[in-house]
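The values are calculated or read from the model by the stated rules, or taken from the named source; none is laboratory data. Model, not experiment: these values are computed from the prediction. Every residue, glycine as well, gets a Cβ built from its backbone with ideal geometry; the counts of neighbours run over all protein chains shown. Note: areas computed on protein heavy atoms with side chains; ligands, DNA, RNA excluded. Shrake-Rupley method; radii C 1.70, N 1.55, O 1.52, S 1.80 Å.
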Amino acid sequence: MRTLVVGATGLLGSEVCGRLRDAGASVRALTRPTADANKRAALVALGVETVTGDLKDAASLARACDGIEAVISTASATLSRQEGDSIETVDRQGQLALIDAARNAGVDHFVFVSFRENPKIQFPLTIAKRAVERALQQSGMAYTILQPSYFMEVWLSPALGFDPGAGTVRVYGDGTRPISWISYRDVAHAAAAAVGATSARNKVVELGGPQALSPLEVVQLFEAAGKRDIHIECVPEAALESQMSAAADSLQKSFAGLMLQYAAGDAIDNTTSRKLFPFPMTSVRDFIAATRH
Ligand SMILES: NC(=O)c1ccc[n+]([C@@H]2O[C@H](COP(=O)([O-])OP(=O)(O)OC[C@H]3O[C@@H](n4cnc5c(N)ncnc54)[C@H](OP(=O)(O)O)[C@@H]3O)[C@@H](O)[C@H]2O)c1
């Protein structure tokens, strides 16, 4: 199926493009003029057609969807932002505009990368994701909504204060509640596999990695692999709650919300997702082994 990927210059979207091209699919990517030139060049080198556009520019979305049969959207303003980008303008209104554009262009199947919901912890990013999920389910297009857990490459990385190589890690909450850490590569694999798969149509799929482990268990695995003790800094849930209520904008509120949701744990029953996407998945142990060599 001729597929448009939105978010193609991001961590997940670029992997999705690679997966689709490996499978021989015809792929178009919506890219912004401000995107990293190396990332755009990498897409072109894969054989991806790039079209310029922005989720805040409805006309560009109509052009991007023209002649397209499937859309995969991974875009988010959480980490990659330009002027005017916010949770409201990109994750909510932008994604809703993309659904409109795709439906108007006669797109058959729309795959949306969402996020897990903990009904007790509401924040702008999850509220936006839920609004987009609802609109997609009512759009008349076939849909696959993927709700992955925390990406191990992001949340078990120095960028978020988790740096076992330096002998110190930050965990959110008391570190005892299990999370189904997933590799973004496995999420990309699932998103690419969903396109054109009858079994994945009109499904909301919770996606977790092969084993739910608490942050403290993950630290123990790193300690065993590195044969050294690691200092653990726990950020108390009360501090995260205060951070969320005091946050000046939706983005800061969402970061605090994501950390609170992590603290509450996110163990997933993978029975449905394993039937739909039965490929071998990366475990935290695999990830630790790969980051140590
Ligand atoms: N990290 C996690 O643990 C986790 C867990 C579950 C779900 N997710 C979801 O996974 C998805 C992908 O995350 P990621 O790590 O790939 O994010 P990322 O690396 O920050 O990539 C975001 C992408 O969105 C694009 N984008 C942002 N604003 C845009 C706009 N106004 N118009 C068009 N494109 C825009 C960016 O383009 P530029 O390069 O031009 O900025 C980039 O390609 C997100 O939807 C996120 O919510 C993440």
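Please work out the average accessible area per residue across the chain, using the 1.4 Å probe convention, and give it in Å². Working shown, then result.
Working: 12570 Å² over 293 residues.
Each residue of the chain exposes 43 Å² on average to a 1.4 Å probe.
Of the residues His109, His189, His231, which exhibits the maximal mean-square fluctuation in a Gaussian network model of the chain defined by a 10 Å Cα contact cut-off?
Most flexible of the set in this elastic network: His231.
Taking all protein chains as present, what is the carbon and sulfur share of the accessible area of the stretch 185-293, in % to the nearest whole number, probe 1.4 Å?
On the way: 2800 of 5380 Å².
Roughly 52 percent, rounded to a whole number.
Arrange the peptides 61-70, 269-278 so that the one whose residues have, on average, the most other Cβ atoms within 10 Å appears first.
Working: 61-70: 19.8, 269-278: 14.9.
Ranking the peptides 61-70, 269-278 by packing returns 61-70, 269-278.
With contacts defined as alpha carbon pairs under 8 Å and 6 or more residues apart, what's the relative contact order of the chain in percent? Don't skip to the answer; put the middle values down first.
Values: 563 pairs, mean separation 51.1, N = 293.
Computed over the chain, the figure is 17 percent.
Explain nothing, just the number: dipole magnitude of the chain about its Cα centre with +1 on each Lys and Arg Cβ and -1 on each Asp and Glu Cβ, in debye rounded to the nearest 20.
Details: 29 positive and 31 negative charges, 120 e Å.
Once rounded to the nearest 20, the dipole reads 580 debye.
Express the Stokes-Einstein translational diffusion coefficient of the chain in µm² s⁻¹, to the nearest whole number, given a Kirkwood radius over alpha-carbon pairs, 4 °C and a viscosity of 1.567 mPa s. All intermediate terms of the calculation are to be shown ahead of the outcome.
On the way: Rh = 19.6 Å.
The Stokes-Einstein estimate is 66 µm²/s.
Using only Cα atoms, tell me the angle between helix 37-46 and the longest principal axis of the chain; keep it within 0 to 90° and round to the nearest 10.
Between the helix axis and the principal axis of the chain, the angle is about 70 degrees.
When DSSP assigns beta bridges and you keep just the ones with both residues in the stretch 127-242, what percent turn out antiparallel, to the nearest 5?
Working: 3 of 14 bridges.
Around 20 percent antiparallel, to the nearest 5.
Pairs of lysines 8 or more apart, or on different chains, with alpha carbons under 23 Å: count those in the chain, would you? Write down the numbers at each step before the final one.
Working: Lys39/Lys56; Lys56/Lys129; Lys56/Lys253; Lys120/Lys129; Lys120/Lys253; Lys129/Lys203; Lys129/Lys253; Lys203/Lys275.
Close lysine pairs found across the chain: 8.
What order, most packed first, do the peptides 92-102, 243-253, 155-165, 21-31 have when packing is the mean number of other Cβ atoms within 10 Å of each residue? Show your work: numbers first, answer last.
Values: 92-102: 22.4, 243-253: 15.2, 155-165: 17.5, 21-31: 19.4.
The densest-packed peptide leads the list: 92-102, 21-31, 155-165, 243-253.
Rounded to the nearest 20 Debye, what is the dipole magnitude of the stretch 1-91 about its Cα centre when Lys and Arg each give +1 and Asp and Glu each give -1 at the C-beta?
On the way: 10 positive and 12 negative charges, 55 e Å.
The dipole of the stretch 1-91 has a size of about 260 debye.
As I understand it, the value is the acute angle between the Cα axis of helix 11-22 and the longest principal axis of the Cα atoms of the chain; what does it come to in degrees, rounded to 10?
Approximately 60 degrees, to the nearest 10.
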